[in-house]
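So the structure is just underneath, and the comments pick up after that.
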Amino acid sequence: MISDETRTAANSSSLLSVLSTFFVLGATTFGGMWGSTQQLEQVLVHQKCWVTEQELEAMLVTATIVPAPRFIAFAALIGYKLKQWPGSLAASLSLIAPGAIMLMAAVFLVNPSLLHGKLDPLQHTVSIAIAGILFGNATTHFRKAKRNNSRTAAAAVLTIAVAASIIAGVPLLAAAAVGFIAGYFVLRNGKKEAEHESG
C-alpha cells in the first residue's frame, strides 16, 4: 500500500531532482547495488519519500532479473516510476556519469605502469573497503531477517572468510564469485530445511 506522502513526493519530483539525486548516488555509493542498500533506503525512502521500503525491496529484486547491469536497471526502474521514460533515462545515465567521468580522467592522467607499482596498495585498500561495506550490509540484513541459527552461523562464517581472503590478497572478483556460489548453496539448503520443517 502506497502512502499519500510517498505518492505526493513522487508526483512532485522534477526531472532535475532525479538527475541530481542519482548523480550523487553514483558518486558516493560503492560495492554495487547490494553494497549500497542502506544508502539507497536512506535517500530514496526516508529523504526523498519517492518509494516505500516494500517498493524499494521489490525493485532491488526486480533489477536482478532485468537483462542489464543491476544497479543501472534499478535506477531505470525508480526513474520510470517517477517520470516515465524520461525519468528512466535520466536516472540510469546520471548514475553512471560520475564513474564514467572518473574513468575517463584516469585514462588520461594515470600511467598504466603505476597500477602495478605505486597504486597497487591503493587497489588493495579499496578492495578491503568494499568488503567492509558488503559486510555491513550483510549484518543489517541478518538483523532484519527471520533467523535460522544454523543458516545465520554458516552465512556469518562465509562472510568472514570472503572478507579475510580479500585482505589476504585474493583478487576481489575471485573472492566475490566463490562467496556468491557458496552463499547460494547455503541459502538453498536453508530454504529446503525450512520447507521440510513447515511440511
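The values are calculated or read from the model by the stated rules, or taken from the named source; none is laboratory data. This is a predicted model, so every value here is computed, not measured. Every residue, glycine as well, gets a Cβ built from its backbone with ideal geometry; the counts of neighbours run over all protein chains shown. Only protein heavy atoms, including side chains, enter the accessible area calculation; ligands, DNA and RNA are left aside. Shrake-Rupley method; radii C 1.70, N 1.55, O 1.52, S 1.80 Å.
Of everything in segment 27-36 that is open to solvent by less than 20 Å² (accessible area, probe 1.4 Å) and in a helix (DSSP H, G or I), the residue that is farthest from Ser88 (Cα to Cα) is Gly35. The set of residues in segment 51-74 being touching a residue at least 24 places away in the same chain (Cβ under 8 Å) and either outside any loop (DSSP other than H, G, I, E, B) or open to solvent by 40 Å² or more (accessible area, probe 1.4 Å) (or both) consists of Glu55, Leu60, Ala63, Arg70, Phe71, Ile72, Phe74.
A quick yes/no check of all residues on (1) part of a helix (DSSP H, G or I); (2) at pLDDT below 85:
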site	(1), (2)
Met1	no, yes
Val24	yes, no
Gln38	yes, yes
His46	yes, no
Cys49	no, no
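When the test is whether a residue is more than 15 Å from Leu19 (Cβ to Cβ), open to solvent by 40 Å² or more (accessible area, probe 1.4 Å), assigned to a helix (DSSP H, G or I) and out of contact with any helix residue (DSSP H, G or I) (no Cβ under 9 Å at 6 or more places or on another chain), Leu77 does not pass it. For the subset of segment 51-63 comprising residues that are within 16 Å of Ala76 (Cα to Cα) and of a type in the set (D, E, K, R), which member is modelled with the lowest pLDDT? Among those residues, the one meeting the criterion is Glu57.
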